[in-house]
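To start, the structure itself, in structure tokens.
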Amino acid sequence: MSTLNLVSVLIAIVGLVFTLAGCKLLLQRRMVKGVGLGFSGLFILALAVSSFLLASNLYTYQRLVFEQAVAEIAFEKLADQEYRVAIKALDSDFRQVVKIRGDEWQLDAQVLIWQGVATLIGFDANYRLHRISGRYLDINEEQQRPRSVYSLVKNPVYIEDDRFDLWQFAHEHRNWLQWVDAAYGSAVFLPMSDGARYTVAISRTGLIARPANEAARNAVSQWIGL
């Protein structure tokens, strides 16, 4: 991310120099060259802003090279089909506690895979945890009972009250945005149980969840009918 920020600053400096030079020429009544340089400077400044927004949004993603543990999720039962859930990121200081209804938990992540020129300049695959939600085992309950969904996105970037999302932007413009393969969403779900704790890892193929204590292992064993 620091590389993109540095590029943004350098582009902004060039744009500022062009803009100031254009203003100076206008003051000297050299209108044609002044207007040309001024508009060129403003265009370059706009490019710098776009580059900064890209860097800021990409900052919400983490680098993904090999399989790595990314989160720990712990459960405390509050009532039937209702749990307090503590999500702790293992690669940052992100923490969140939410209340989830249902029988199972589901964690979603977004993964960006770069290609072409982006890989040549050293861009690794990136990911970010997207949201956590509850699920019901019974399909009728899933359709009728209250659902609980929470965002896990950190440090969103806003432009005039609209969130700029690189992952969504890449999907919508994949026909011409050739240097990023907008990649995929990945999800994993397992049963909730009082005292259960799970670790979640991610690789280039997606999320992997594993029981981290006896309560979680018992819940998974009963869940899959072993």
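What follows draws every value from the coordinates through simple rules; no lab data is involved. Everything quoted here is computed from the prediction, not taken from an experiment. Methodologically, a virtual Cβ is constructed for each residue, glycine included, from the backbone with ideal geometry; neighbour enumeration extends over all protein chains shown.
Here are the numbers:
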{"read-out": "Stretchable slack from Cys23 to Arg145, in nm (0.36 nm times residue separation minus alpha-carbon distance)", "value": "37.6 nm"}
{"read-out": "Separation of the Ser221 and Leu42 label points, Cα + 7 Å toward Cβ, nm", "value": "7.1 nm"}
